[in-house]
């Protein structure tokens, strides 16, 4: 192609989803382009354009507003404006066309703008053979987001360590061999000397079989067979081997299927080494389960502090392996729980048994199992109504010991003082019930904002009935309290997602630009808040956001489709936050929630915009309900 | 302000010249070109058919130097139609001067894949018939095209032209402030109008770049302006 047009082709091919098109289709797209120049402050379509066109911005900026001049979004270099493609290439959905036609987009130029304009119809015709590209233009935000998350979750499975690591990383070499004529005793001596639980029987380079500890037990000792008998008498012939090119996952599957623990590893059918089930397990050593069990064995706070340094490493590792944010949140929360329990056990040992029954509660993200490394501690104590005034010293000491211990392990003190050390949050069951009754019956917006963490509570340690009894009563009240739900809704609507992106900035409602996106407050928290409202309206006791959304799906508060959309948006935002934090942690920086648009690809920005749209739709719906 | 009267004469001049030459022109591409009337001076700009053209040459002298390549693209209703774009390298005798190879990126090998001058000029005349030619710095395109026509057909026809350099120059002259001639270069003018960087010294690329510049220039002018405000 001529270099002039190849320059334009390259520009277009760099814009997702055009990057999915082969060069010959891009060339055809370029041939259909008309270049237009529009001065600032003009309406689109440009003079002389009568067809429905889509516009690729080469230079300049556009604003997209509603009839009532509410800003919907902005476009800059490399963005594709499809506002005028009313039927989106799908001629079947006339109903959709009518709805959209009523919306009548208003698009104006904010700067002098150079546009590549192309007829929507011709464009859709050219890319009709490419479903992924068509889907991008035809699908709604919700559909695109769903597709993305399906892919992410698939990748998470594929990327799990065993699946994508080669057996070459696990086996040990060489395998210990012995001739078939050696005695069983000689074999046992060799195994003991070498510290191996199995031997491969070889004659003239031929693999004859395998003998394990278990064979000596079952086929020799148990059968009363003489230890001077040849080892070939108790070996397993026809043994299963695995080629070195296989994945660790293949090895694990093979072992599971055949109920074996040892697999000789071969290269071109020649014995190369041995892989055991223990080898595979060890690789998974630095996982949450492992860390949790180490915590249980710790005997001092200083040991716990040492272990706590593993949390950021675990989070980086899980994120890099493509684990879902949900899984990471649950793992980190489980570890925090293990730390807390261990600290409580240590405290009880120090302070003596509790005077009355109680429970240690976690609030906020830890309760929701959505915690990441370096989050602050939110906790409280619920104590039996039998508590006497003099008992408060024991609980104060407990709270101080645990809270200080957690802080030493990297869980900073809660800036809002939502901690068991605060007398306000170290109360009897009766008092907690009164708190909830007051919040629900006379909701004050400010108080609610502060205490919404307490609607996400879970028992970490102690008598679980204490909290559950309070919760049952609380949920009964919230379900019927329209006033309370209305207040909660109004609070939740204070945090709005941005509109999208403009150049390398985040575009917010009033048209202003911000350098970074606050993933927590402008993305994740709005969904967490919505999920809490649905749960409290419907009497759902779960506190985990995805669980709440799943259980609320199909109730009067939330349709099944909307629930699925919110879960996709939530998972996507959480994933971005996890990756962002993993990158920070890896650089030795303090993880935060501020994502710069420069950190992410253009495609990810598109997905983010879709997630914002899902949140906005649900918030608007909430607003019209209350 | 532009004086309408002499301009009118000039355009009548184009048309009169065209008709006069049509009678003498030999059968073939030149005659075909001359048989299509040019747009009148009062044609609104938006309805004027325009072909943006750029030549790459071995030098500035139309008699000694050679045409290396031709690029063109149509501009109609304020839209540059990329589907109409054309780029062709021309076969020339002799090897290229090293200096020019670096400027035009046309190597001897590529040049050999080119088409004969006659074929390219014939095609260009077909595309130019009834249109106004758009160029940046008209001297090169006018002289080389006229010289080629003289060599091929024994006479050079008139070519009505819009020159983005002249449009820019008029604008600067009106301000009555001294300016550096380098401000009138295509690249400099594009920067001034906030147009993106382009890969210069490819004939088609420059033709598109020139057309984009004209769109930016006329966006500052009256919407209902006619050809007479722009034509040379």
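The values are calculated or read from the model by the stated rules, or taken from the named source; none is laboratory data. All figures in this text were calculated on a predicted structure; none of them were measured in a lab. Cβ: placed from backbone, ideal geometry, glycine included. Neighbour counts: every protein chain shown.
Identify the residue in the range A:377-408 that is assigned to a helix (DSSP H, G or I) and within 29 Å of the chain's Cα centre (by Cα) and, among all such residues, is nearest to residue A:341 (Cα to Cα). Ranking the candidates gives A:402 first. Can you tell me which residues in the range A:27-44 are free of Cβ contacts under 8 Å to residues at least 60 places away in the same chain and more than 7 Å from chain B (Cβ to nearest Cβ)? A:27, the sole residue that qualifies.
Please find, among B:78, B:31, the residue that is modelled with pLDDT of 90 or more and within 30 Å of residue A:45 (Cβ to Cβ).
It is B:78.
Scanning the range A:438-447 turns up no residue that is surrounded by fewer than 19 Cβ atoms within 10 Å (Cβ to Cβ), assigned by TED's automatic domain parsing to the domain that holds residue A:370 and touching a strand residue (DSSP E or B) at 6+ places or on another chain (Cβ under 9 Å).
For the range B:185-220, filtering for residues that are at pLDDT 85 or above, more than 9 Å from every other protein chain (Cβ to nearest Cβ) and surrounded by fewer than 18 Cβ atoms within 10 Å (Cβ to Cβ) leaves 6. Looking across the range A:60-77, the residues that are surrounded by fewer than 20 Cβ atoms within 10 Å (Cβ to Cβ) and within 14 Å of chain B (Cβ to nearest Cβ) come down to A:61, A:76, A:77.
Here is a yes/no grid of residues against (1) more than 10 Å from chain A (Cβ to nearest Cβ); (2) assigned to a loop (DSSP other than H, G, I, E, B); (3) modelled with pLDDT under 90; (4) surrounded by fewer than 19 Cβ atoms within 10 Å (Cβ to Cβ):
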site	(1), (2), (3), (4)
B:70	yes, no, no, no
B:86	no, no, no, no
B:102	yes, no, yes, yes
B:109	yes, no, yes, yes
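Out of everything in the range A:12-26 that is touching a residue at least 24 places away in the same chain (Cβ under 8 Å), more than 21 Å from residue A:503 (Cα to Cα) and crowded, with 17+ Cβ neighbours inside 10 Å, what residue ends up being nearest to the other protein chains (Cβ to nearest Cβ)? Can you show your working first?
Going through the range A:12-26, the residues touching a residue at least 24 places away in the same chain (Cβ under 8 Å) turn out to be A:12, A:14-18, A:20-21, A:25.
Cutting the leftovers down to more than 21 Å from residue A:503 (Cα to Cα) gives us A:20-21, A:25.
If we keep only those that are crowded, with 17+ Cβ neighbours inside 10 Å too, we end up with A:21, A:25.
On the way: A:21: 16, A:25: 15 Å.
Once the filter is applied, the top-ranked residue is A:25.
Picking from A:569, A:531, which residue would you name as being in a helix (DSSP H, G or I), without any contact (Cβ under 8 Å) to a residue 40 or more places away in the chain, in the same structural domain as residue A:620 (by TED's automatic domain parsing) and within 19 Å of residue A:326 (Cα to Cα)?
Result: A:531 is the single residue among A:569, A:531 that is in a helix (DSSP H, G or I), without any contact (Cβ under 8 Å) to a residue 40 or more places away in the chain, in the same structural domain as residue A:620 (by TED's automatic domain parsing) and within 19 Å of residue A:326 (Cα to Cα).
Checked across the range B:137-153, the condition of being in contact (Cβ under 8 Å) with a residue 40 or more places away in the chain, surrounded by fewer than 19 Cβ atoms within 10 Å (Cβ to Cβ) and within 14 Å of chain A (Cβ to nearest Cβ) holds for no residue. Return the residue satisfying two criteria in turn: it lies in the range A:185-225 and is touching a residue at least 40 places away in the same chain (Cβ under 8 Å) and in a strand (DSSP E or B), and of such residues it is farthest from the chain's Cα centre (by Cα). Checked the range A:185-225; the qualifying residue farthest from the chain's Cα centre (by Cα) is A:202.
Of all residues in the range A:269-286, those being surrounded by fewer than 16 Cβ atoms within 10 Å (Cβ to Cβ) and at pLDDT below 85 number 9. The set of residues in the range A:226-246 that are in contact with a helix residue (DSSP H, G or I) (Cβ under 6 Å, 6 or more places away or on another chain) and part of a strand (DSSP E or B) contains only A:242.
Tell me, please, whether a residue that is touching a strand residue (DSSP E or B) at 6+ places or on another chain (Cβ under 8 Å) and either assigned to a strand (DSSP E or B) or in contact (Cβ under 8 Å) with a residue 40 or more places away in the chain (or both) can be found in the range A:577-591. Before you say what the answer is, go through the steps one by one.
First, pick out the residues of the range A:577-591 that are touching a strand residue (DSSP E or B) at 6+ places or on another chain (Cβ under 8 Å): A:577, A:580.
Cutting the leftovers down to either assigned to a strand (DSSP E or B) or in contact (Cβ under 8 Å) with a residue 40 or more places away in the chain (or both) gives us A:577, A:580.
Yes.
Only one of the numbered conditions (1) in contact (Cβ under 8 Å) with a residue 60 or more places away in the chain; (2) buried (at least 21 other Cβ atoms within 10 Å of the Cβ) is not met by residue A:603, and that is (2). If you go through the range A:592-626 and keep only what is at pLDDT below 90, in a helix (DSSP H, G or I) and touching a helix residue (DSSP H, G or I) at 6+ places or on another chain (Cβ under 6 Å), you end up with just A:622.
Within the range B:40-62, can you find the residues that are in a loop (DSSP other than H, G, I, E, B) and touching a helix residue (DSSP H, G or I) at 6+ places or on another chain (Cβ under 6 Å)? Let's see the steps before the verdict.
Quick first cut of the range B:40-62, residues in a loop (DSSP other than H, G, I, E, B) only: B:40-43, B:48-49, B:58-62.
Of everything in the range B:40-62, those that are in a loop (DSSP other than H, G, I, E, B) and touching a helix residue (DSSP H, G or I) at 6+ places or on another chain (Cβ under 6 Å) turn out to be B:41, B:43, B:48, B:58, B:62.
Against the condition at pLDDT 85 or above, in the same structural domain as residue A:45 (by TED's automatic domain parsing) and in contact with a strand residue (DSSP E or B) (Cβ under 9 Å, 6 or more places away or on another chain), how does residue A:128 come out, does it pass?
On the way: at pLDDT 85 or above: yes; in the same structural domain as residue A:45 (by TED's automatic domain parsing): yes; in contact with a strand residue (DSSP E or B) (Cβ under 9 Å, 6 or more places away or on another chain): no.
No; evaluated as a whole, the condition is false for this residue.
So in the range B:75-84, with the set limited to residues that are more than 7 Å from chain A (Cβ to nearest Cβ) and surrounded by fewer than 22 Cβ atoms within 10 Å (Cβ to Cβ), which one is farthest from residue B:227 (Cα to Cα)?
Initially, the range B:75-84 is screened for residues more than 7 Å from chain A (Cβ to nearest Cβ), giving B:75-76, B:84.
Filter once more, so that each one left must be surrounded by fewer than 22 Cβ atoms within 10 Å (Cβ to Cβ): B:76, B:84.
Values: B:76: 13, B:84: 22 Å.
For the range B:75-84, the residue satisfying everything is B:84.
Of the residues making up the range A:311-332, those that are crowded, with 18+ Cβ neighbours inside 10 Å and over 13 Å from the mean Cα position of the chain (by Cα) number 3. Can we say residue A:416 is at pLDDT below 90 and part of a loop (DSSP other than H, G, I, E, B)? Against the criterion (at pLDDT below 90 and part of a loop (DSSP other than H, G, I, E, B)), residue A:416 qualifies.
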